[in-house]
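The values are calculated or read from the model by the stated rules, or taken from the named source; none is laboratory data. Since we're looking at a predicted model, the values are computed, not measured. Backbone-built Cβ (ideal geometry, glycine too); neighbour counts: all protein chains shown. Each accessible area value is taken on the protein alone, full model and side chains, heavy atoms only, with ligands, DNA and RNA left out. Shrake-Rupley method; radii C 1.70, N 1.55, O 1.52, S 1.80 Å.
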Amino acid sequence: MFIGFVGGLAAIALKFLVHLMEELSRNISSHLYFHIAYVFLPAIGILATAAYQHLINRDKIEKGIGNILVNIKRNRSNIKANNLYSHLITSSLTVGFGGSSGLEAPIVCTGAAIGSNLGKFFKLTPYEKTVLLAAGASAGIAAVFNSPIAGVLFSLEILIGEITIPTFIPLLIASATGVVVSKALYSGQLFHLVTEGWVMAALPFYVVLGLCSGWMAIYISKVGGRLEGGIFKKQNRYVRAISGGVLLGLIIVVFPQLFGEGYHYLTAILNGNIHVLKEEVLFSDLLDQPLIMLLFIAALVFMKIIAAGITIGAGGNGGTFAPTMFTGAFLGLLVAYGVNQTGLIHLNTSNFIAVGMAGALAGVLHAPLTAIFLIAEITGGYVLFIPLMIVSAISYIISRYSSPHNMYWSHLIHHNNIHPGQDYGMLNAITLDNVINRKYTAVDKRMTVSDFYKVLAKTDANIFPVLKDDGGLEGVVLIDDIRRRLFNKEIADNLITDIMIEPPTVIDYEQSVSSVMDTFDAIDVWQLPVVKDDVFIGFISKSALLSKYRSVLIEQHKASDLFA
């Protein structure tokens, strides 16, 4: 409840700050010729964000949902305390001045930091901190959208990766509390939708929308992910921020709907006001022609994610959640508006806009339940459950066929060697230091085999490190490999280097435990040497690792029982 309360307050603060800055930006723009202010306003916001991160935050901010997953998997769900406030400042600067990204990722990061740091304060276990971290994220999403169920499902599908009652209940409490705080202090509803329900004749077109949503999700993941990786990489952060901001501003001059989150236009088109798209457009008279309007809507579908990628890649702080919803909404409008122009059938554009948002989210996040309930809750379109289910399922299947993981996990797998799944999470809850056997008997590389017999008689070890003068590893002697020829008198005078072998691989002290287990499985051995800064420190055995994993598994099951 405490996490939900604080998370709700953080969401309200962020919405208030961004609304204030957006109003200021639009007022400035309205007093200048052809809204030319849009050219430099995004650059100001991104530059201010980059300066804050560099000069004040000292680059300690952990942007994006991917970093939350990294902390869950590799840092025992510990998130730095500066993330409690830094996302609120930087994302409000970025989006408030026109950066074309969303506030959902920053509020999720803020909520996760609230839960994680509360867990650290009370010295809770990694599993308990993960639940509190997810509770904070749920509260943030729920408070932003006034959607408690979607907030819970988001954390379960994206952050935790499994749905269990022991995790569901705390998330539900935090999420509900966040919504109560949001409604009490900020009663405005994000979207309003009066829907007529769906009709059977429109069903084939929902299937078409599902197919288009799946392909668009692939486009969003690939293009957005590539641009978010950074633009103008050879330039310093300030040149990158100004260059990217000006490039974004030029795009916004042509497509003013891309300014900020874009929810102003989403709300209008959901209520059937398509003519709002002509506002502030330089060639607004041309949009009276249906074909030009259709092409303009199609351009918005493809340009939003490019604008969002530029915003984040130039150094701004935001997420792809809102841009994905925007893209899906205009994709739904494109399908409905295009079909309606043929005169074959009249489709309810509001329904297709709402369902398009769910389709895009399901494909990009690989979280169909979150997508279905989020759109149903924020639009009030509960009568659209069947189209929501059809479009989300089709989009998810197409996107999943293209990539087995969502855009967050794809990046972590390829760049950080971090994998989803509870096995990896529990393995990385183990610290390598706890399973290293430091009780070893080292032998000098100049030792003879006959002298090694005396060492062997005093220990029951079956593996011995052969060390260099500087403590580095020369090789190992495996008793099992040399047992038959060990007491051969002909080799008694040989040096130990004649019977030692080079280990198949060496484990670095900084490696994650999950990668160590992968190494054991790949080369089929049971003991490997561990080095720290090129100095041998001990051995790690697969049996010790499996035994520790079993104890962690038992502890986690006990921790997950609320009534234990």
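Computed with every protein chain present, the accessible area of MET200 is close to 130 Å² [probe 1.4 Å]. At what distance in nm do the modelled label points of LYS120 and PHE2 sit from each other, each positioned 7 Å from its Cα along Cα→Cβ? If labels sit at LYS120 and PHE2, their model points lie 1.6 nm apart. Run the accessible area of the chain with a 1.4 Å probe and give the carbon-and-sulfur part as a rounded percent. About 61 percent, which is the carbon plus sulfur part of the accessible surface. Between VAL535 and GLN235, the simple label model (points 7 Å from Cα in the Cβ direction) yields a spacing of 4.6 nm. Averaged over residues, the count of other Cβ atoms within 10 Å places the peptides 310-320, 164-174 in the sequence 310-320, 164-174, highest first.
Between HIS264 and ARG226, the FRET efficiency from the beta-carbon distance, with R0 = 30 Å, is close to 0.60.
Of the residues LYS454, LYS532, LYS278, the one with the largest accessible area comes first in the ranking LYS454, LYS532, LYS278, computed with a 1.4 Å probe on protein heavy atoms. Listed by chain and number, the aspartates and glutamates whose alpha-carbon sits under 17 Å from that of LYS468, ignoring those within fewer than 8 places in the same chain, are ASP444, ASP498, GLU502, ASP533, ASP534.
Helical runs assigned H by DSSP (4 residues or longer) give the chain a calculated mean residue ellipticity at 222 nm of -18500 deg cm²/dmol, each run adding -39500 (n - 2.57) before division by the residue total. For helix 2-30, what angle does its Cα long axis make with the longest principal axis of the chain, in degrees from 0 to 90 and rounded to 10? Orientation of helix 2-30: about 50 degrees from the principal axis. Taking 0.36 nm per residue of sequence separation and removing the Cα-Cα distance, the ASN271/ASP460 pair yields an extension gain of 60.1 nm.
What the Cβ-Cβ distance of LEU294 and ILE554 gives, at R0 = 60 Å and to the nearest 0.05, is a FRET efficiency of 0.50.
For the chain, the relative contact order comes to 16 percent (Cα pairs under 8 Å, sequence separation of at least 6).
If R0 is taken as 41 Å, the Cβ-Cβ distance between ASP480 and GLU162 corresponds to a FRET efficiency of 0.50. Helix 290-313: angle to the longest alpha-carbon principal axis of the chain, degrees 0 to 90, nearest 10? That helix lies at roughly 30 degrees to the long axis.
Are any of the pairs LYS120/LYS233; LYS445/LYS548; LYS439/LYS532; LYS80/LYS123; LYS63/LYS222 more than 25 Å apart by Cα-Cα distance, and if so, which? Exceeds cut-off: LYS120/LYS233; LYS445/LYS548. In this view, the solvent-accessible surface of MET303, computed with a 1.4 Å probe and all protein chains in place, comes to about 40 Å². In the complete set of protein chains, residue-level accessible area for ASP534 is approximately 130 Å², probe 1.4 angstrom. The largest accessible area among GLU261, GLU23 belongs to the first residue in GLU23, GLU261, and the rest follow in falling order (1.4 Å probe, all chains).
Compared with the dominant principal axis of the Cα atoms in the chain, helix 407-416 is inclined by about 30°. Rolling a 1.4 Å probe across the protein heavy atoms gives the chain an accessible surface of 43 Å² per residue.
Can you tell me how much longer the chain between LYS60 and ILE501 gets when fully stretched, taken as 0.36 nm per residue apart minus their C-alpha distance, in nm with one decimal?
That pair, LYS60 and ILE501, stretches by 154.3 nm at full extension.
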